[in-house]
Amino acid sequence: KSLSRLLDTGAGVDPNNLMTVRITLPASYTDRNAFWDQLLPRLATLPGVHALTDVTGFGLLGHLLEVCRGSGVHGRVQWGAVPLLTDARALASTGFVTGGSARNWKGYGSLVDLTTHGAVEQAILTDPQTSGGLLVACAPEKVDEVLDGFRREGFQRAAVIGEIESGPPAVVVA
């Protein structure tokens, strides 16, 4: 009975802004899981933070879509605001993409509007290979404070990449 209720419980995210962060582990960390175990509780206590998820196997769009599905909201991503690893776009444009990107798109692409973008952006935003990206939902009035908190923790590239709005669960990339 408890498990059934847990499966029916949404993520609890109100319509708010989103951020993503690229994380480069300090040299002293050799275990990524230990790093996350230490860092996430500190980040979760920042005022205005409603949800945190590391962007792993489902890519940025897949994880955002899960937040939207769980909360019954609509996500909007500004492609130009998404921080990319050096040469990611150039590599994707020459065909260096994973099969996982295509499988991810097949699994959830019907709920994503990428009509103003092409195959390169699709491959990058659905790529299951990540470099420690973190997706965060926070209150709009707390964005500056949350960004400052991330920067104090060493995440200089923390950026607002979009927002969550009222609407059916789906994602639009503008």
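The values are calculated or read from the model by the stated rules, or taken from the named source; none is laboratory data. Every value quoted in this text rests on a predicted model; they were computed, and no experiment measured them. Virtual Cβ from ideal backbone geometry, glycine too; neighbours counted across all protein chains shown. The area values use the complete protein model at the heavy-atom level, side chains included, leaving out ligands, DNA and RNA. Shrake-Rupley method; radii C 1.70, N 1.55, O 1.52, S 1.80 Å.
Computed quantities for the displayed model
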read-out	value
Residues that are open to solvent by 40 Å² or more (accessible area, probe 1.4 Å) and either modelled with pLDDT of 90 or more or touching a Leu at 6+ places or on another chain (Cβ under 9 Å) (or both), drawn from segment 122-136	GLN122, THR130, SER131
Among (1) part of a loop (DSSP other than H, G, I, E, B); (2) modelled with pLDDT of 90 or more; (3) more than 17 Å from the chain's Cα centre (by Cα), the one test that GLY154 misses	(2)
Selection count where residues are in a helix (DSSP H, G or I), closer than 19 Å to LEU84 by Cβ, in contact with a strand residue (DSSP E or B) (Cβ under 9 Å, 6 or more places away or on another chain) and among the aliphatic types (A, V, I, L, M), scope segment 122-151	2
Matching residues, segment 79-95, being part of a helix (DSSP H, G or I), at pLDDT 90 or above and among the aliphatic types (A, V, I, L, M)	ALA81, ALA90, LEU91, ALA92
Pair list, Cβ under 7 Å, 6 or more apart: segment 43-58 residue touching a residue at least 60 places away in the same chain (Cβ under 8 Å), other residue in a loop (DSSP other than H, G, I, E, B) and polar (S, T, N, Q)	HIS50/ASN16; VAL55/THR130; THR56/THR130
Residue identified as small (Gly, Ala, Ser) and within 17 Å of CYS138 (Cα to Cα) among SER93, SER110, SER101, SER71	SER71
Residue list for segment 96-121, restricted to those being part of a loop (DSSP other than H, G, I, E, B) and either in contact with a Pro (Cβ under 8 Å, 6 or more places away or on another chain) or open to solvent by less than 50 Å² (accessible area, probe 1.4 Å) (or both)	THR98, LEU114, HIS117, GLY118
Residue in segment 58-66 that is surrounded by 14 or more Cβ atoms within 10 Å (Cβ to Cβ), more than 26 Å from GLU153 (Cα to Cα) and modelled with pLDDT under 90 present	no
Considering residues of segment 137-174 that are more than 20 Å from GLY59 (Cα to Cα) and basic (Lys, Arg) only, the residue most open to solvent (accessible area, probe 1.4 Å)	ARG152
